[in-house]
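J.: Pasting in a structure now, in structure tokens, and then I'll have a few things to ask.
The values are calculated or read from the model by the stated rules, or taken from the named source; none is laboratory data. Just so it is clear, the model here is predicted, and its values are computed rather than measured. Positions of Cβ are generated from backbone atoms using ideal geometry, with glycine treated the same way; all protein chains shown enter the neighbour counts. Areas reflect the complete protein model, heavy atoms only, side chains present, ligands, DNA and RNA absent. Shrake-Rupley method; radii C 1.70, N 1.55, O 1.52, S 1.80 Å.
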Amino acid sequence: MRLHILVVDDDADVRPVLVEMLQIAGFLTTPADSGVAMREILAGNGPKIDAVVLDCRIPGEPSAQFALHAKSMRLPVVMISGHVGTMQFAAENGLQLLQKPFRMADLLNAVREAIASGEFGQRAA
């Protein structure tokens, strides 16, 4: 069974690259350009989402709250950021953090670790 990753990033140049990296690795993906779009996808009747990859610097939106929302749904969350405050937030809230800049292998390792660890809000099987 292929796992389905929700990719949330407001940058129209970065989002398709993240999606492609995950698809090359065999994941199904759904892109979202905002936290609001993320909430709509998670609340909808679409395919089950297995994990969320979330850029933490979406202008005008409380990205940290979107991460906590996904975690409250028992979804593994990988936050992407290079900001020191985000690093502290991720550590305090038990969220996986991928620091910028990163390579494809780093992204895949972070996603696989978040899903496999049973931490970071993972759903029960």
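J.: How large is ³J(HN,Hα), in whole Hz, for each residue of the range 97-107 in order, when computed from phi with the Karplus curve 6.51 cos²θ - 1.76 cosθ + 1.60 and θ = phi - 60°, using x for Gly and Pro?
T.: Each residue of the range 97-107 in turn: 10, 10, 7, 7, x, 9, 10, 4, 4, 5, 4 Hz.
J.: Here's another thing I want to ask about it. Give me the accessible area of residue 48, 1.4 Å probe, in Å² rounded to the nearest 10.
T.: Its accessible surface works out to 110 Å², give or take rounding.
J.: Something else about it: Near residue 11, within a Cβ-to-Cβ distance under 11 Å, what is the net charge of the other residues, with Lys and Arg +1 and Asp and Glu -1?
T.: On the way: positive: 15, 57; negative: 9, 10, 13, 33, 55.
Summing Lys and Arg as +1 and Asp and Glu as -1 gives -3.
J.: Can you work out ³J(HN,Hα) from phi for every residue in the range 63-72, in order, using Karplus 6.51 cos²θ - 1.76 cosθ + 1.60 and θ = phi - 60°, giving whole Hz and x for Gly and Pro?
T.: Going residue by residue, I get 4, 4, 5, 5, 5, 5, 4, 4, 5, 5 Hz, with x marking Gly and Pro.
J.: Also, I was wondering about something else. Does the range 62-109 classify as rounded, prolate or oblate by the C-alpha gyration tensor (a ≥ b ≥ c root eigenvalues; a/c under 1.5 gives rounded; else a/b over b/c gives prolate, otherwise oblate)? Don't jump to the answer; show the numbers that get you there.
T.: Details: a/c = 2.17, a/b = 1.34, b/c = 1.62.
Judged from the Cα gyration tensor, the range 62-109 comes out oblate (a/c at least 1.5, b/c at or above a/b).
J.: For the chain, just list the percent of Cα-Cα distances falling in each 5 Å bin from zero outward, please.
T.: Percent of pairs per bin, in order: 2, 12, 25, 28, 22, 10, 2, 0.
J.: What accessible area per residue, rounded to a whole number of Å², is obtained for the range 11-54 using a probe radius of 1.4 Å?
T.: Numbers: 2240 Å² over 44 residues.
Per residue, the range 11-54 has 51 Å² of solvent-accessible surface.
J.: Residue 29's amide H: which non-local residues (gap 5+, or another chain) put their own amide H closer than 5 Å, with H modeled 1.01 Å from N in plane and none for Pro or chain starts?
T.: HN-HN under 5 Å from residue 29: 5.
J.: Then there's this: How high is the relative contact order of the chain, given as a whole-number percent (alpha carbon pairs under 8 Å, six or more residues apart)?
T.: The value is 23 percent.
J.: Let me ask another. In Å², what does the accessible area per residue of the range 63-102 work out to with a 1.4 Å probe? Intermediate results must be reported in sequence, preceding the final value.
T.: Working: 1860 Å² over 40 residues.
Ligands and nucleic acids excluded, the figure is 46 Å² per residue.
J.: Something else now. Counting every Cα pair in the range 23-70, what percent are over 16 Å apart? Don't skip to the answer; put the middle values down first.
T.: On the way: 424 of 1128 pairs.
Result for the distance tail: 38 percent.
J.: Could you give me the ³J(HN,Hα) list for the range 78-94, computed from phi with Karplus coefficients 6.51, -1.76, 1.60 and θ = phi - 60°, whole Hz, x at Gly and Pro?
T.: Along the range 78-94, the couplings run 10, 8, 10, 6, x, 8, 4, x, 5, 4, 5, 4, 4, 5, 5, 10, x Hz.
J.: Quick one: pull the percent of accessible area on the range 2-125 belonging to carbon and sulfur, 1.4 Å probe, ligands and nucleic acids left out.
T.: 53 percent
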